[in-house]
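The values are calculated or read from the model by the stated rules, or taken from the named source; none is laboratory data. Just so you know, these numbers come straight off a predicted model, no measurement behind them. All Cβ positions, even for glycine, are placed from backbone atoms using ideal geometry, and neighbour counts span all protein chains on display. Keep in mind that these areas ignore ligands, DNA and RNA; they rest on the heavy atoms of the full protein, side chains included. Shrake-Rupley method; radii C 1.70, N 1.55, O 1.52, S 1.80 Å.
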Amino acid sequence: METQNLEQSFATYFNAKPSFIVRAPGRVNLIGEHTDYNDGFVLPMAIDRAVWIALAPRTDFQVRIRSLDLNIDSVFDLHSLTKGEGWIEYVKGVAYQLQKTGYQVRGFDAVMTGDVPRGAGLSSSAAVELATAYAFASVSGISWDPVLMAKLSQKAENEWVGMNCGIMDQMASAACKAGHALFLDCRSLEYQHAPLPDEVAIVIMDTSTRRGLVDSAYNERRSQCEEAAHWFGVKALRDVSVDEFERKTRAESTLGEITLKRARHVITENARVLEAVKVMKSGDIKKLGELFNASHDSLRDDFEVTNEALNSMVNCAREQESCHGARMTGAGFGGCALALVDKKDAQEFTQAVAVTYKERSGLDASLYVCQASAGASLVER
Ligand code: GLA
């Protein structure tokens, strides 16, 4: 991203220089899908696609933002926030939560742009939320606490926007480190930065199919998981081991078949995340790829959140010799998958998969080799 362009646009709209440029990235989840709202483990990494905001403080409580991508101007007053529609609700939701937490936030003038594809499962909304939080923090002299800001942004999405997401996306956008994935315990919010192996690349494969999160079966999956946790007599499915799952479901047959499948996904997926962190440390790429594959198969067969396009993309990827494993990423029902590929063959891989996917599905895919970037930050100028 050329920050010069952003400065130029700010000058065009506000006839001044911006005081700050902030950015917050999208994320791709390596493994640990639909585990975050079960108090479980996840392993996302921030990607080299982000939302940028150039801004300068105002002396009143107005927020004026120009979206360069949508060509829309939005204005609101921090002291009289009301709900409306569109992307600006993410911004208002964060402003609301910051104030509710007790922060005195200042108004600002801003231009905003981004290159995280929307609705693709790469957390463009978390990127907007965390960039907004960083923008308010910069003009209001609030020190940056990634965990607090992630929690507050998640609340904005849950309570203001009305999407009942877990904490993974906001934590990834807030707390990741370049070159690393984020191994996160979604119960304690303790995390470690896990270095990515040198010899492999993460390739994002956008199926070009979309399904809105709010309309999706996301909430239904959440309640099925809660029902299963209740059946096991625990607070969340995180508290059930694979052994306990097998023992108890063998002994008693009162858990409905669908709920049992949902629980099996979450419980085995948590175990896969822990295993993935271990094998990443020991450099066992082959095993890491197998875990990615098992994760996808479980999301397809037990959690049932893939679509035909995702399954087809994953199959196309797995057929390539340079690919160690592939799986869908994010909430599912459309959007992106990812593949673990030998770095030296990554470009060739993207071309080959795009061709086979087009032949089989008739759809144009976008594939890109992605770099693990840092979480939300101030852009040095
Ligand atoms: C979406 C949600 C996350 C998480 C994933 C599935 O991205 O925002 O909180 O639940 O789906 O792993």
Residue within the range 216-224 that is within 29 Å of Val353 (Cα to Cα) and within 17 Å of the chain's Cα centre (by Cα) present
yes
I'd like the residue in the range 237-271 that is open to solvent by 10 Å² or more (accessible area, probe 1.4 Å) and among the small types (Gly, Ala, Ser) and, out of all such residues, is nearest to Gly330 (Cα to Cα).
Ala271
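If I filter the range 290-308 for residues that are closer than 21 Å to His180 by Cβ and part of a loop (DSSP other than H, G, I, E, B), do I get at least one hit?
no
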Restricting the first residue to the range 28-49 and requiring it to be outside the structural domain of Arg327 (by TED's automatic domain parsing) and under 13 Å from Asp185 (Cβ atoms), which pairs with a second residue that is modelled with pLDDT of 95 or more and of a type in the set (Ser, Thr, Tyr) meet a Cβ separation below 7 Å and a spacing of at least six or different chains?
Phe41/Thr35; Val42/Thr35
Just one listed residue, out of Val94, Val63, Val116, is more than 16 Å from the ligand (Cβ to nearest atom), in contact (Cβ under 8 Å) with a residue 40 or more places away in the chain and of a type outside the set (Phe, Trp, Tyr), and it is Val63
Output the residues belonging to the range 161-182 that are farther than 20 Å from Val277 by Cβ and open to solvent by 30 Å² or more (accessible area, probe 1.4 Å).
Val161, Gly162, Asn164
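Could you pull out the residue among Val116, Val128 that is touching a Gly at 6+ places or on another chain (Cβ under 8 Å), farther than 20 Å from Leu189 by Cα and assigned to a helix (DSSP H, G or I)?
When all the criteria are applied, what remains is Val128.
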Set Thr59, Thr12: member being surrounded by fewer than 24 Cβ atoms within 10 Å (Cβ to Cβ), assigned to a loop (DSSP other than H, G, I, E, B) and of a type in the set (Val, Ile, Thr)
Thr59
Residue check, Ser153 within 16 Å of the ligand (Cβ to nearest atom) and open to solvent by less than 40 Å² (accessible area, probe 1.4 Å):
yes
Check off (1) at pLDDT 95 or above; (2) assigned to a loop (DSSP other than H, G, I, E, B); (3) within 14 Å of the ligand (Cβ to nearest atom) for Gly332 and give me the number that stays unchecked.
(1)
So how many residues does the range 159-185 have that are assigned to a helix (DSSP H, G or I) and at pLDDT 95 or above?
10
Would you say Ile47 is within 16 Å of the ligand (Cβ to nearest atom), under 30 Å from His296 (Cα atoms) and not in a strand (DSSP E or B)?
no
With (1) in contact (Cβ under 8 Å) with a residue 60 or more places away in the chain; (2) not in a helix (DSSP H, G or I) as the list, and Ile142 as the residue in question, which single condition is left unmet?
(1)
Show the residue pairs meeting these rules: Cβ distance below 6 Å; 6+ apart or different chains; first residue within the range 163-187 and more than 11 Å from the ligand (Cβ to nearest atom) and among the aromatic types (Phe, Trp, Tyr); second residue at pLDDT 95 or above and part of a strand (DSSP E or B).
Phe183/Gln192; Phe183/Ala194
